[in-house]
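Taking it in order: structure first as structure tokens, then the write-up.
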Amino acid sequence: MRVTRIAPQKKRPGRKNIYIDGNFAIGVGAETLLRAGVRTGDEIDVQFLSTIERTERESALKASALRLLSYRARSVREMSDRLKRKKFPQEEIGVVLGELERAGLLDDQRFARMLIRDQMMLRPSGKAALKQKLLRHGVSRAIADEALQEVLSESSEGEGAEQVAQKYLAVRVRPGIDPAVVRRRLVGFLTRRGYSWDLIKPLLARLLPAQETDPPE
């Protein structure tokens with residue numbers, strides 16, 4: 001088989017159409033053409049053409065991954081799942097993800113730390129809620145635990161809980177509400193935010209000192 005023509009695509013000049021023995025064979029990007037080193041007049045075989053096709057798929061896969069990363073950081077599993085939904089082959093996904101990890105563009109540990117810090121700025125939450133969010137994003141339990149321990153010290157988690165509780169009391173509580181109801185609702189709210197009773201109990205003692213601080217039934 002002989003490459004008889006390489007021509008720019010009309011609607012996408014950055015891409016090239018490769019013609020073999022006078023017939024259109026494949027459209028490729030500039031990176032694929034450069035990596036293949038193919039030129040008009042070259043003799044190629046089926047295996048070489050297959051290599052060009054694979055290179056083009058990997059190039060498209062990498063471009064898709066980089067677009068996803070341009071919107072926000074992602075975990076390795078999250079990225080893999082998104083690319084699978086785009087019907088890319090699993091083997092080629094693994095190759096591209098490996099390249100992105102080596103380049104530092106995919107890093108679950110860094111992703112986990114960033115997600116925790118962002119969450120604590122935008123919507124302070126307890127360790128339990130943060131861990132569940134990390135797991136939903138595809139971070140492993142081991143990495144989630146390590147990141148939480150590194151980023152979220154007991155003092156900072158407690159400060160976040162107090163900030164959340166004070167805002168809740170200022171916005172949600174109206175004069176005349178039964179203090180027991182206030183206490184119960186605050187405990188429920190903080191629990192849903194992922195805070196443990198060990199953090200909630202001393203917080204109740206400070207913010208609602210007249211109330212009992214035993215765990216709710």
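Quick notes on this structure:
- Test: residue in the stretch 140-152 that is within 30 Å of Ala63 (Cα to Cα), under 14 Å from the mean Cα position of the chain (by Cα) and among the basic types (Lys, Arg): no
- For the stretch 160-182, the tally of residues that are among the acidic types (Asp, Glu) and free of Cβ contacts under 8 Å to residues at least 12 places away in the same chain stands at 1.
- Test: residue in the stretch 145-162 that is at pLDDT below 85 and over 26 Å from Asp118 (Cα atoms): no
- Take the conditions (1) over 30 Å from Glu157 (Cα atoms); (2) modelled with pLDDT of 90 or more; Arg57 misses just one of them, which is (2).
- Verdict on Glu157 being among the charged types (D, E, K, R), crowded, with 16+ Cβ neighbours inside 10 Å and over 13 Å from the mean Cα position of the chain (by Cα): yes
- Which numbered condition Ala73 misses (of (1) assigned to a loop (DSSP other than H, G, I, E, B); (2) farther than 21 Å from Glu99 by Cα): (2)
- Qualifying positions in the stretch 40-57 - farther than 22 Å from Pro8 by Cβ and either charged (D, E, K, R) or in contact with an Asp or Glu (Cβ under 7 Å, 6 or more places away or on another chain) (or both): Glu43, Asp45, Arg54
- Residue that is surrounded by fewer than 18 Cβ atoms within 10 Å (Cβ to Cβ) and either within 29 Å of Arg117 (Cβ to Cβ) or under 17 Å from the mean Cα position of the chain (by Cα) (or both), where the choices are Gly41, Gly104, Gly22, Gly37: Gly104
The values are calculated or read from the model by the stated rules, or taken from the named source; none is laboratory data. In this text, all values refer to a predicted model and were calculated from it rather than measured experimentally. Glycine gets a Cβ as well: all are built from the backbone with ideal geometry, and neighbour counts include every protein chain shown.
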